[in-house]
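Please treat every number below as a calculation from the coordinates, not as lab data. Owing to the predicted nature of the structure, the values given are computational and were not obtained by experimental measurement. Counting neighbours? That spans all protein chains shown, and the Cβs are built from the backbone with ideal geometry, glycine included.
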Amino acid sequence: MHQSAGIMLNKPPGTAGRAKAVILGRKEQVGDICRLLENTFSHVTLAETPDELNITGPGKEPFRLAVMTDSFSEKLSIGLLDRVRQKFSPENMICLTRDIEDENEKKLRSAGLIFLGSYGTFFAFADNIINHTLKNGGSKTMKPDIKNAQNLEKRLRKRRGAGRSWKTSLALRTASSISEIAARAVELIVALGIIVPIFIPVLIIRLLTRLPAGKPVFAKRTVYGKEAQPITIRTFSGIDGRMANLPLFLELLTGRLALAGTAIRDWNGPVPDAEQAYLSMIKPGIISLWEIRSTSKIAHEGRQAIEWEYIFNKRPSYDLLLLLRALPAMLYSETSIEPEPVFRLLDLDIENITMQEAVSLMQAGLRDNRQQTICFVNPDCLNKMAGDRDYHEVLKSADRIFPDGIGLIIAGKLLHSPLKENINGTDMLPYLCRMAASEGHSIYLLGGKPGIAEAAAEKIQAEFGVAIAGTSDGYFNHETESSRIIDDVNRSGASILLVAFGAPLQEKWIHRHRSQLRPALLMGVGGLFDFYSGNIRRAPRWMREIGIEWIYRIMQEPGRMWKRYVIGNPLFLYRVMKWKLVTRSSNT
Ligand code: UDP
């Protein structure tokens, strides 16, 4: 019963609660969703274009839900999300899209959506999703019409199948059953391949050594199994690291755990909310995307978002790639050593915090209008620092230094001082921009070749909805033209200045002009604008997960990069080991 776009669709009084929802999308494409929501929400507002967003408003009743779809005339982005948030203040947001680029997905997910996925998945779980949005809003009286959702899903499936001959449909169904059987067969082969040659000998040794001493061989853990049921699993007690998990392969045989699945979570009573319930629809796995990302220290989006990403991508080929990624990621596997708040390396105090904590620290500094200089250090920076006393002094006087890249994570392991997260400028930018946008701060981009900062500014503004106060390229005479640039930065009113001249030039420039610069946050960001402008492509996420982003950079710019990494990486490890000896001898 919805009318033209931008118009509120009222339900007769008494048929539903007084909750409102807004849908962004083309009327023909989102009709089913409108009807579904109308069963639950008293008002459903439809906007087809950005102009129509402007003519509708929140009114007195709050919006419980905003559903953004890829049929809206503007591309789904963080900027759009922020505008919808400002306009309607919805309590929950959902994005529905058929295809999503890897990078855009990451950004959208980290923006606090409760659901991001395909139309099919949405309809399949619409009852849970809608229930969750209502529960979060505090109303217990409204019940979504589950039957309607199921019917819609059936119709949708039919429509998706439409045009396919029965032969094609049968072939597809057979292929999917075969791939499921093949996946289970692979699990059984892997389970036997580990149990017979590894688990059984280790078990015998453990039995012989621990039982006579009266020590337990296994430790029991109650965790969430499939469909959020509690299951008890066993690990070896008294062993550190991955060997302790060998008994989990028995659960692979029984089928209670999968080889690849959602992360194993300790049982904490019946599932608390619908979101957790979706996560539990998939069996927990010995290997999970969350575990891979957290062991390579790039789980910046947080556990829930990463689990969602896994669920939406799960299929046999994705699981197979996950297994391949898990093998090298094991090299960076966890130790039981507690992280120190500061990682001391080569006479520098490097912050050992998470990305969220780093952004919170910057936010606090901006609120107090306290000037802070921020540097990121990677192995290349620290190699340069070894032959450049000025750079070393500049780094020592910086307010905060963050560890950038897998080289620093490995250094942390070698020095038995594990790092919490890999904190680099490129991964930080989305979080920094969102914080800046919500606090009303603007950013000035300084550096890169002519045109690059402008191109990056356009992308950043559109993606994250943050104001860019100004841009300037990094190819000016630093002796004679710095004051002109500083004037421009100060006049722009920016609170955050990102300087991209590459290390150590950017850190030295910031240090030298710090007192003349008005922005409260001064940060050296290297090649960041090149990545965001699309001038240089960043390594795909799987390469970052296994710590080989540097190989991708060599492939892109072999002439400039080979020395930095091929010679630089071993040199850095040598310096770390030397530092280890120095600190050890000075401690004894
Ligand atoms: N650059 C600049 N001015 C200069 C030298 C370099 O703006 O005088 C820019 C260069 O265009 C590039 C960035 O600084 O965008 C350095 O990138 P690089 O990849 O070397 O930095 P990294 O992230 O590796 O430190």
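Details
- Compared with the alpha-carbon gap, the fully stretched path from residue 29 to residue 321 is longer by 101.7 nm at 0.36 nm per residue.
- Distances between placed amide hydrogens fall under 5 Å for residue 377 paired with 402, 404, all partners being 5 or more residues away or on another chain.
- With contacts taken as Cα pairs under 8 Å at a separation of at least 6 residues, the stretch 510-586 carries a relative contact order of 14 percent.
- Highest-first packing order for the peptide set 225-232, 540-547 is 540-547, 225-232, based on the mean count of other beta carbon atoms within 10 Å.
- Residues 44, 489, ranked from the fewest to the most other C-beta atoms within 10 Å, line up as 489, 44.
- For peptides 71-82, 473-484, 558-569, sequence by mean Cβ density within 10 Å, most packed first: 71-82, 558-569, 473-484
- Pairs over the 18 Å Cα-Cα cut-off, from the set 20/87; 226/420; 413/508: 226/420; 413/508.
- Extension gain, residue 344-residue 581: 0.36 nm per intervening residue step, less the Cα-Cα distance, totals 84.0 nm.
- Simple label model, 7 Å out from Cα along Cβ direction - residue 490 to residue 518, nm: 0.8 nm
- Straight-distance candidates among the aspartates and glutamates for linking to residue 297, with alpha-carbon spacing under 13 Å and chain neighbours fewer than 8 residues away dropped: 334, 404, 421, 427, 545.
- The stretch 352-478, relative contact order [Cα under 8 Å, separation at least 6], %: 23 percent
- Here residue 567 and residue 186 are evaluated by their C-beta separation; at R0 = 35 Å the FRET efficiency comes out at 0.30.
- Taken over the stretch 360-422, the ratio of Cα radius of gyration to 2.2 N^0.38 Å equals 1.27.
- Exposure proxy ranking, count of Cβ atoms within 10 Å, fewest first, for 399, 487, 32: 487, 399, 32
- Residue 388 versus residue 98: modelled label distance in nm, points set 7 Å from Cα along the beta carbon direction: 5.0 nm
- Summed residue charge, Cβ within 13 Å of residue 525's Cβ, Lys/Arg positive, Asp/Glu negative: -4
- Here the stretch 167-196 and the stretch 218-261 have alpha carbon centers that stand 22 Å from each other.
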